[in-house]
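Trainee: Below is a structure I'd like to ask you about.
The values are calculated or read from the model by the stated rules, or taken from the named source; none is laboratory data. Keep in mind it's a predicted model, so treat the numbers as computed, not measured. All Cβ positions, glycine included, derive from the backbone under ideal geometry; neighbour counts span all protein chains shown. Please note that ligands, DNA and RNA were not included when accessible areas were found on the heavy atoms of the full protein model with its side chains. Shrake-Rupley method; radii C 1.70, N 1.55, O 1.52, S 1.80 Å.
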Amino acid sequence: MKKLIMLSFVMSFLFFSCGPKDYLKETQSEKEVRMEWWKDAKFGMFIHWGVYSVPAGWYKDKMVPGISEWIMYSANIPVEEYEKYAADFNPVEYNPEKWVRIAKQAGMKYIVITSKHHDGFCIWDSKITNYDIVDFTQYKKDLLKPLYEACKKEGIKLGFYHSIMDWHHPNAVGENFPKYRDEYLIPQLEELLSEFPDLSILWFDGEWIDEWTEEQGRNLYNHLRNISPELIINNRIGKGRQGMQGMNKDANSVGDFGTPEQEILETSSSLPWESCMTMNDSWGYKRGDENWKSSGTIIYNIIDIASKGGNYLLNVGPDSKGNIPEPSVEILEKVGKWMDKNAEGIYNARTISNYAEGENIRFTKSKDSEYLYAFIIESPENGNVSFSYVTPNENSKITLLGENKDLEYTINNKITTITLPENISQDDFPICLKFQGTENSVSEIPEIKVTGENEKDTYLFQDKIEVELVTNKNSNIYYTLDGTIPSLNSNKYSDKLSVENSCKLNAIVVSEGSLPSPVVSAQFYKIQSVKDVQLKIAPSAKYSANGKLSLVDGKRGSTNYNKDWLGFEGEDLEVTLDLGKSKKINGIHLGTLSNINSWIFLPKSVSFQISNDNKKFTKVSEVNYDLNEDENQRSFIKDISASLNSNVRYIKIIAKNIKECPSWHRGAGEKAWIFFDEIIID
């Protein structure tokens, strides 16, 4: 039996005195030097592994909804019962050298593994507790030490994920939390830094509990940096993180980098950031979770994140025997083959001011700014690639990475057009082009303002709506209202626009000496008033918003499905709208939501029917939707539309639910949800 070897008053003194040096006052240049290797690395492996791999997402012969490492909480498993899983944890097939080899061959430069997750189980031989891999299991061997040695041998940096909260420790909640913090949490962290002196990263989580504060996070950050000055620590050590978006609330929040979870920033950031993401749905191993991202999706994410200046921490969840699931290995092999050819444009890369030109081109630059890299995501139709946001230097070669081929190109009015090799196929994409060049000045996009509304991409109105386009004083705005791309020959903006009919607004800014800005767009719908709404089946009481009138209240919900949406569990939507009298209707748009991580799917079909007597209905359109797993990786809103061009009084919409979550989904066999908000009658 191990004993707790410390005095709590000594620990409290250490914790609150923050050590002899205040690392919170580190200069920006000092931080840049410390974090340079991390910014250069770009791509790392996250490993969630522990006791939760034993139940593997199942409890009492049923798959538990949600991510597997939360099963103790999600299934409300008592501590004593959960400890039986710990006793059964026996990873006899664990091969850390193989794990490191898989990561390295995939192009990953660092690994972050869970030393202790929220369930409190420790996968190293801790002197602070018996609830660890050596003392509590039949395996009896430290799991972190051989991984540490394997990483050192292969030149891979290593970091530990460590949970601040702890469901196993009796003092980790309530008034006893300071005792847990000073006598357990901090001593374990000190132990890890002592046992693994070359540790590169501490990746905290669980900071959202009420007992933890920003002040505690700042003190702990200082304490750990005094022990290991070169340590890199994420922003979840404090309370500055803004939800899953992961970035800090303000510039003074503690931590070295932001941590978007399961998402990628919309743009670049001055704060270093790392997007952590699963390869399927769960972080820890979950039996039956087969919703794997394709290698193509992961490669695109690597490019997108690198172009925005971020890092990508991609997760694997080994099983209880110590094996990384074979689908993960196969996907990473494909990613590695792509990285073998194109990694020069990823490693050591930095973002540029205008890193994206359209949907098909992303740019990075070498950190010494000597070279530019253009990633072409998909094969262009005519075999030529054109861009204008960067221009090759005179006599610069443009090389296709991985092939060492110099490509022919022309430059005309800052537009560079490159002829791609004839033998290149769609399977070769994304490709990367390397050249010396300069960034061109690009005008900033205009801002679309509507009084009383937050900026968004869809606006609803009944009579008319006032729209303002804003840019700096030395620029001109050109716009169209018919959905076409604006040019210098389009309407020149001078005063507020009064929009009286449905339209799509596109606008650009042109500044002197700069290229035109990217196009900014907004859709405007002039909606018809509705006299009555009838639902055949009522929505779930849990997701009923303001009742049936929520469908026609002129307000479009966000991806937060807890507000404004009507949810139907295992049921179809059938709604009939009465316009009060026959009206000329151009089209109708049904707002739907997809969030497969919450069992919310798009309807498998939507039919639109019209009538003038509410008895005999004529079907005018039916839209069928085949579930696309890659498309559904993130929550999104989708309008399902039909063109009517008819005089109509009654409109009936029938949206069919898939009824059950599909076989590849972690909730396979359970009831599927469909969610609806605004029905726009144009």
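Trainee: Got the relative contact order for region 301-357 handy, in percent, Cα pairs under 8 Å and 6 or more residues apart?
Mentor: Working: 31 pairs, mean separation 28.7, N = 57.
Relative contact order here is 50 percent.
Trainee: Could I ask something else about it? Divide by every residue of the chain the summed helix terms, -39500 (n - 2.57) for each DSSP H run of at least 4, and state the resulting mean residue ellipticity at 222 nm, rounded to the nearest 500 deg cm²/dmol.
Mentor: Using -39500 (n - 2.57) per qualifying helix, the result is -5000 deg cm²/dmol.
Trainee: Rank Leu220, Ser328, Leu573 by how far each Cα sits towards the positive end of the charge dipole of the chain (+1 on Lys, Arg Cβ; -1 on Asp, Glu Cβ) and give me just the farthest.
Mentor: Leu573
Trainee: So how strong a dipole does the chain carry about its Cα centre when Lys and Arg Cβ are +1 and Asp and Glu Cβ are -1, to the nearest 20 debye?
Mentor: Roughly 1000 debye, rounded to the nearest 20.
Trainee: Follow-up. Going down the table (Lys39/Lys405; Lys619/Lys659; Lys321/Lys341), which pairs top 25 Å between alpha carbons?
Mentor: Lys39/Lys405; Lys321/Lys341
Trainee: Relative to the Cα centre, what is the charge dipole magnitude of region 98-241, using +1 at the beta carbon of each Lys and Arg, -1 at the beta carbon of each Asp and Glu, and rounding to the nearest 20 debye? Display every interim value, and only then the final one.
Mentor: Values: 19 positive and 22 negative charges, 176 e Å.
Dipole size: approximately 840 debye.
Trainee: Could you tell me how far the Cα centroid of region 39-97 sits from the Cα centroid of region 132-178, in Å?
Mentor: Measuring centre to centre over Cα atoms gives 13 Å.
Trainee: Taking 0.36 nm per residue of sequence separation and subtracting the Cα-Cα distance, how much length would be gained by fully extending the chain between Glu32 and Glu444, in nm to one decimal?
Mentor: Numbers: separation 412, 0.36 × 412 = 148.32 nm, distance 2.79 nm.
Gain in length upon complete extension: 145.5 nm.
Trainee: Tabulate in residue order the Karplus-calculated ³J(HN,Hα) for region 418-424, using 6.51 cos²θ - 1.76 cosθ + 1.60 with θ = phi - 60°, rounded to whole Hz; enter x for Gly and Pro.
Mentor: 10, 8, 7, x, 5, 8, 7
Trainee: For Val648, list long-range residues whose amide hydrogen, built 1.01 Å from N in the peptide plane, is under 5 Å from its own amide hydrogen.
Mentor: Lys583, Lys584, Ile585
Trainee: Which loop GluC sites (Glu not before Pro) in region 60-146, with loop taken from DSSP, have no more than 14 other Cβ atoms within 10 angstrom of their Cβ?
Mentor: Passing both the DSSP loop test and the Cβ count: Glu93.
Trainee: Once phi is turned into ³J(HN,Hα) by the Karplus curve 6.51 cos²θ - 1.76 cosθ + 1.60 with θ = phi - 60°, what whole-Hz value does each residue of region 168-174 show in order, with x for glycine and proline?
Mentor: 8, 6, x, 9, 7, 9, x
Trainee: Explain nothing, just the number: dipole magnitude of region 42-93 about its Cα centre with +1 on each Lys and Arg Cβ and -1 on each Asp and Glu Cβ, in debye rounded to the nearest 20. The partial results should precede the final answer.
Mentor: On the way: 4 positive and 7 negative charges, 53 e Å.
Computed about the Cα centre, the dipole is about 260 debye.
Trainee: Counting only heavy atoms of protein chains, what accessible area per residue, in Å², does region 538-663 have with a probe of 1.4 Å?
Mentor: 47 Å²
Trainee: At 1.4 Å probe size, with the rest of the protein present, what percent of the exposed accessible area of the chain is carbon and sulfur atoms?
Mentor: That share works out to 45 percent.
Trainee: Taking region 87-192, how many lysine pairs are there with alpha carbons less than 17 Å apart, if each pair must be eight or more places apart or span two chains?
Mentor: Number of lysine pairs found: 20.
Trainee: Along the charge dipole of the chain, which of Ile465, Ser396, Ser294 sits closest to the positive end, that is, farthest toward it, with unit charges on the beta carbon of Lys, Arg, Asp and Glu (+1, +1, -1, -1)?
Mentor: Ile465
Trainee: Another question about this same structure. What is the Cα centroid distance between region 569-623 and region 322-372, reported in whole angstrom?
Mentor: After rounding, the separation between the Cα centres reads 42 Å.
Trainee: In whole Hz, what ³J(HN,Hα) sequence does region 105-122 give by Karplus (6.51, -1.76, 1.60; θ = phi - 60°), x for Gly and Pro?
Mentor: Once θ is set to phi - 60°, the couplings for region 105-122 become 5, 7, x, 7, 9, 8, 10, 10, 10, 6, 6, 8, 8, 4, 6, x, 7, 9 Hz.
Trainee: Once you've got the Cα coordinates, tell me which of Lys293/Lys604; Lys531/Lys604; Lys449/Lys583; Lys548/Lys615 are over 26 Å apart.
Mentor: Lys531/Lys604; Lys449/Lys583, as the Cα separations exceed 26 Å there.
Trainee: Just in region 379-433: which trypsin sites (Lys or Arg not before Pro) are loop by DSSP and have at most 15 other Cβ atoms within 10 Å? Walk me through the numbers on the way to the answer.
Mentor: Values: sites: Lys397, Lys405, Lys414; in loops: Lys397, Lys414.
Counting only loop positions with at most 15 other Cβ atoms within 10 Å, the trypsin sites (Lys or Arg not before Pro) in region 379-433 are Lys397, Lys414.
Trainee: What is the Cα centroid distance between region 532-565 and region 225-244, reported in whole angstrom?
Mentor: Value for the Cα centre distance between the two parts: 41 Å.
Trainee: Got the relative contact order for the chain handy, in percent, Cα pairs under 8 Å and 6 or more residues apart? Please report the intermediate quantities before stating the final value.
Mentor: Values: 1534 pairs, mean separation 68.8, N = 682.
Reported as a whole number, the value is 10 percent.
Trainee: Additional query: Would you list which aspartates and glutamates come within 16 Å of Lys492, measuring only between C-alpha atoms, while excluding same-chain residues fewer than 8 positions from it?
Mentor: The qualifying aspartates and glutamates are Glu447, Glu468, Asp482, Glu512.
Trainee: Could you tell me the relative contact order of region 326-464? Use alpha-carbon pairs under 8 Å, at least six residues apart, and round to a whole percent.
Mentor: About 24 percent, as a whole number.
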